[in-house]
1. Looking at Y7, Y51, which one is surrounded by 10 or more Cβ atoms within 10 Å (Cβ to Cβ), at pLDDT 85 or above and assigned to a helix (DSSP H, G or I)?
2. What pairs come up if the first residue lies in segment 40-61 and is of a type outside the set (D, E, K, R), the second is modelled with pLDDT of 70 or more and assigned to a loop (DSSP other than H, G, I, E, B), and their beta carbons are under 8 Å apart, counting only those six or more places apart or on different chains?
3. Just to be sure I understand the filter: pairs with C-beta atoms under 7 Å, separated by 6 or more residues or on different chains, first member in segment 4-20 and closer than 14 Å to S31 by Cβ, second member surrounded by 12 or more Cβ atoms within 10 Å (Cβ to Cβ) and among the aromatic types (F, W, Y). Which pairs pass?
4. Within segment 18-46, can you find the residues that are open to solvent by less than 70 Å² (accessible area, probe 1.4 Å), over 10 Å from the mean Cα position of the chain (by Cα) and of a type outside the set (A, V, I, L, M, F, W, C)?
5. Looking only at segment 15-26, which residues are part of a loop (DSSP other than H, G, I, E, B) and closer than 23 Å to T5 by Cβ?
Amino acid sequence: MSVRTIYRDIEIISGTGIPIFMTQGRNGGISLLQNFTLNKQVLTENEKKRYVNSDLKLELF
């Protein structure tokens, strides 16, 4: 995976309204807002299944 791909994917995620941001520097990285919760009603059944099987664990309500 290239840096260019990562930046493109971050832009796509951000464009969907998910509050993702990047910080620079020694302790920088890519993060979601600390209290962000994802409304599971906006996910398809396939997306829900992929989420359950992924390492990404966001709080769903």
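The values are calculated or read from the model by the stated rules, or taken from the named source; none is laboratory data. Please read all numbers here as calculations on a predicted model, not as lab measurements. So basically every Cβ, Gly included, is an ideal-geometry build from the backbone, and we count neighbours across all protein chains shown. Surface areas here come from the heavy atoms of the whole protein model, side chains and all, with no ligands, DNA or RNA. Shrake-Rupley method; radii C 1.70, N 1.55, O 1.52, S 1.80 Å.
1. Details: Y51 fails: at pLDDT 85 or above.
From the options Y7, Y51, the qualifying one is Y7.
2. Filtered contacts from segment 40-61: Y51/L43; L58/F36; L58/T37; L60/T37; L60/N39; F61/T37; F61/N39.
3. What qualifies is P19/F36.
4. Listed by number, the residues that qualify are T23, G25, G28, G29, T37, N39.
5. First, the residues of segment 15-26 that are part of a loop (DSSP other than H, G, I, E, B): 16-19, 24-26.
Listed by number, the residues that qualify are T16, G17, I18, P19, Q24, G25.
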